[in-house]
Amino acid sequence: MIGRRESVSGAHFAFTDRWGGVSAAPYEELNLGGAVGDDPGAVRTNRELTAKSLGVDPARVVWMNQVHGADAVVVDEPWGDRPVPEVDAIVTARRGLALAVLTADCVPVLLADPVAKVAAAAHAGRPGLVAGVVPAAVRAMTGLGADPARIVVRTGPAVCGRCYEVPGTMRAEVAAVEPAAHAETSWGTPAVDVAAGVHAQLERLGVRDREQSPVCTLESADHFSYRRDRTTGRLAGYVWLD
Ligand SMILES: [Zn+2]
């Protein structure tokens, strides 16, 4: 269920895998995405199961309506009856409020400054890398008092640069913005390494305490992969502060 979990000075980071939930194929088992065609009741149950296993109140988890953009929004409370905003990064200074990001190949980025008590979750696919969603999240965090030198970042399971094949023109467009994302598939064709690009952006911003998941979603049977399966579930990354 929880593929990886870590706590750093009162900041908590967790990434799910695909097992331990109640969804039926092709969303088996722990689909956490509400917009992929799965039974909404199963998704609700999966979200509750995951929150409980993390020790988080399911009603205090904030989700996004992710659109591959670069907008970041500060949040103090769950959305409640309000529409879930179309953003790809959420930032909070509210302790105990868990921020969640959904992915199935894109890079889930969890950030926290344990001293300033500011956290953020961001969704970085190829468009988000180019648009700068992760730098936008860091800017929003610094606006709440975070210091890049103290920000801890964990990126979760994502399609790797040896698997993410793209047309050569697309690789060139991405590499023009972020050279570190220039990659080649294991079979020798143009590719993009989104995680490498995200980490390069963070390095330039002075965010040094970073770790990258070694898991490639496309290669791992324990993770959802959109590129591999098309109709499939979504993994989630969670970050929150004591
Ligand atoms: Zn791979």
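The values are calculated or read from the model by the stated rules, or taken from the named source; none is laboratory data. It should be emphasised that the depicted structure is a prediction, and the values quoted were computed from it without experimental measurement. No Cβ is skipped: glycine too gets one built from the backbone with ideal geometry, and neighbour counts run over all protein chains shown. Please note that ligands, DNA and RNA were not included when accessible areas were found on the heavy atoms of the full protein model with its side chains. Shrake-Rupley method; radii C 1.70, N 1.55, O 1.52, S 1.80 Å.
Brief remarks on what is shown
- Unique match (being without any contact (Cβ under 8 Å) to a residue 12 or more places away in the chain and of a type outside the set (Ser, Thr, Tyr)) among 179, 148, 214: 214
- Every residue from the range 25-44 that is in a loop (DSSP other than H, G, I, E, B) and surrounded by fewer than 19 Cβ atoms within 10 Å (Cβ to Cβ): 25, 26, 28, 29, 34, 35, 37, 39
- Considering the range 156-197, and only residues there that are within 16 Å of the ligand (Cβ to nearest atom) and among the β-branched types (Val, Ile, Thr), the residue that is nearest to residue 110 (Cα to Cα) turns out to be 194.
- Complete set of residues in the range 119-145 that are touching a strand residue (DSSP E or B) at 6+ places or on another chain (Cβ under 7 Å), farther than 24 Å from residue 177 by Cα and outside any strand (DSSP E or B): 144, 145
- Residue selected from the range 206-218 under the condition touching a Ser or Thr at 6+ places or on another chain (Cβ under 8 Å) and open to solvent by 20 Å² or more (accessible area, probe 1.4 Å), by the criterion farthest from the ligand (Cβ to nearest atom): 210
- Count of the range 112-153 residues which are charged (D, E, K, R) and open to solvent by less than 10 Å² (accessible area, probe 1.4 Å): 1
- Listed by first and then second residue, the pairs linking a residue in the range 197-211 that is among the small types (Gly, Ala, Ser) to a residue that is not in a helix (DSSP H, G or I), with Cβ atoms under 9 Å apart and 6 or more places separating them unless they lie on different chains, are 197/107; 197/124; 197/178; 197/182; 200/178; 206/147; 206/151.
- The set of residues from the range 219-231 being more than 10 Å from the ligand (Cβ to nearest atom) and either open to solvent by less than 70 Å² (accessible area, probe 1.4 Å) or among the aliphatic types (A, V, I, L, M) (or both) comprises 221, 223, 224, 229.
- The one condition from (1) of a type in the set (A, V, I, L, M, F, W, C); (2) within 11 Å of residue 238 (Cβ to Cβ); (3) open to solvent by 60 Å² or more (accessible area, probe 1.4 Å) that residue 22 does not meet is (2).
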